[in-house]
Amino acid sequence: MTSKSVRQQIPITAILALSLTAMLSPGLVTAQQNDGWNFRITPYMWLLALDGTTAAAGNEVPLDADFGDILDLLNIALSANMEWSNGEWFVVLDPMYAELEAPIETGGAIGGTTEIELIIVDALLGFNVAEHVDIYGGARYYDQDITIVPNMMPSIGLGDAWTDFILGVRFHGDINDRWGFAGKLDVAAGGDSDSAFYAQVVFQRRIGDNKHFDIGYRYYDVDYESGSGLSRFKWDVAHSGPVVGFSWEF
């Protein structure tokens, strides 16, 4: 990992005030009104495309990569949504990890590779305010490490990490006895980025009493910038694409 920029110091009172959190999983949340806690896990894949502007080491370049481009460079991708709920309150942990590798095209003998590690983690808590509506807030952590590895030369580390505190709303309901739907919207309410917006819509196909297949679409736009001159880093990028997953509830 490369060294990170100095983070803003957030008072503990602000953290507590914004700890009403919860991120929509790729599956529909079906809360049961009881005194116990239920657990659901949803391994999923986000078929991601990137569009925007990035800058590293002072150089700003446009970024336009569809899912096919990213799939060609992908070494590994791991993601899972985990939710604990008791019918009123819910807690969500949603980590995502991806590792990509791209060749350096120089037209000469040097060449090399560019290695990219991407981590996004949501740690959230929320509350059911109506039959089909929840409110939430929490923290979204984004870590991006870029390592340029030229042949016969020392590697160069770039990248940064930041945390946003988010507030939002999610909704869910039934279409019929086999299909349901869910959606969510949230925005950054403080933290390190200049702005961030997140939206998702999912349709759920139930399989038995405690399993469902999920398919939908996710959009996440974040604008973050730090440093200046050769240490300037910028990530003003829209992340978008289908999400597919499978959920088990216990």
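The values are calculated or read from the model by the stated rules, or taken from the named source; none is laboratory data. This one's a predicted model, so the numbers in the text were calculated from it and none came from an experiment. Using ideal geometry, Cβ is built from the backbone for each residue, glycine included, and neighbour counts are taken over all protein chains shown.
So the values come out like this:
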| quantity | calculated |
| --- | --- |
| Test: residue in segment 175-183 that is under 30 Å from residue 54 (Cβ atoms) and surrounded by 16 or more Cβ atoms within 10 Å (Cβ to Cβ) | yes |
| Residue pairs meeting the criteria (Cβ under 6 Å; at least 6 apart or on separate chains; first more than 12 Å from residue 241 (Cβ to Cβ), in segment 48-69; second part of a strand (DSSP E or B) and small (Gly, Ala, Ser)) | 52/238; 63/52 |
| Scan of segment 39-63 for residues that are at pLDDT below 85 and charged (D, E, K, R), ordered by number | 60 |
| Elements of type strands (runs of 3 or more DSSP E) contained in segment 45-96, each with 2 or more residues being polar (S, T, N, Q) and surrounded by 17 or more Cβ atoms within 10 Å (Cβ to Cβ) | 74-85 |
| Condition broken by residue 163, with the remaining ones in (1) closer than 19 Å to residue 95 by Cα; (2) in contact with a Ser or Thr (Cβ under 7 Å, 6 or more places away or on another chain) satisfied | (2) |
| Residue in segment 135-142 that is in contact with a strand residue (DSSP E or B) (Cβ under 9 Å, 6 or more places away or on another chain), modelled with pLDDT of 85 or more, surrounded by 15 or more Cβ atoms within 10 Å (Cβ to Cβ) and on the phi > 0 side of the Ramachandran plot present | yes |
| Test: residue in segment 186-201 that is modelled with pLDDT of 95 or more, closer than 30 Å to residue 56 by Cβ, surrounded by 17 or more Cβ atoms within 10 Å (Cβ to Cβ) and β-branched (Val, Ile, Thr) | no |
| Residue within segment 210-217 that is assigned to a strand (DSSP E or B), basic (Lys, Arg) and surrounded by 16 or more Cβ atoms within 10 Å (Cβ to Cβ) present | no |
| Out of 180, 241, 159, sole residue that is over 20 Å from the mean Cα position of the chain (by Cα) and either modelled with pLDDT of 95 or more or under 27 Å from residue 69 (Cβ atoms) (or both) | 180 |
| Within segment 202-232, tally of residues that are without any contact (Cβ under 8 Å) to a residue 24 or more places away in the chain and either in contact with a helix residue (DSSP H, G or I) (Cβ under 9 Å, 6 or more places away or on another chain) or not β-branched (Val, Ile, Thr) (or both) | 4 |
| Qualifying residue in segment 27-38 (condition: more than 21 Å from the chain's Cα centre (by Cα), outside any loop (DSSP other than H, G, I, E, B) and at pLDDT 50 or above) | yes |
| Checklist (1) in contact with a Phe, Trp or Tyr (Cβ under 8 Å, 6 or more places away or on another chain); (2) of a type outside the set (Asp, Glu); (3) free of Cβ contacts under 8 Å to residues at least 40 places away in the same chain applied to residue 246, failing item | (3) |
| Matching residues, segment 218-242, being of a type in the set (Ser, Thr, Tyr), surrounded by fewer than 16 Cβ atoms within 10 Å (Cβ to Cβ) and closer than 21 Å to residue 141 by Cβ | 219 |
| Residue in segment 143-174 that is surrounded by the most Cβ atoms within 10 Å (Cβ to Cβ), counting only those that are farther than 19 Å from residue 239 by Cβ, of a type in the set (Gly, Ala, Ser) and out of contact with any Leu (no Cβ under 9 Å at 6 or more places or on another chain) | 157 |
| Tally, over segment 157-209, of residues that are more than 27 Å from residue 115 (Cα to Cα) and not in a strand (DSSP E or B) | 6 |
| Some residue of segment 193-200 being closer than 18 Å to residue 42 by Cβ, polar (S, T, N, Q) and touching a Gly at 6+ places or on another chain (Cβ under 8 Å) | yes |
| Counted residues, segment 192-217 - those being among the charged types (D, E, K, R) and touching a Phe, Trp or Tyr at 6+ places or on another chain (Cβ under 6 Å) | 3 |
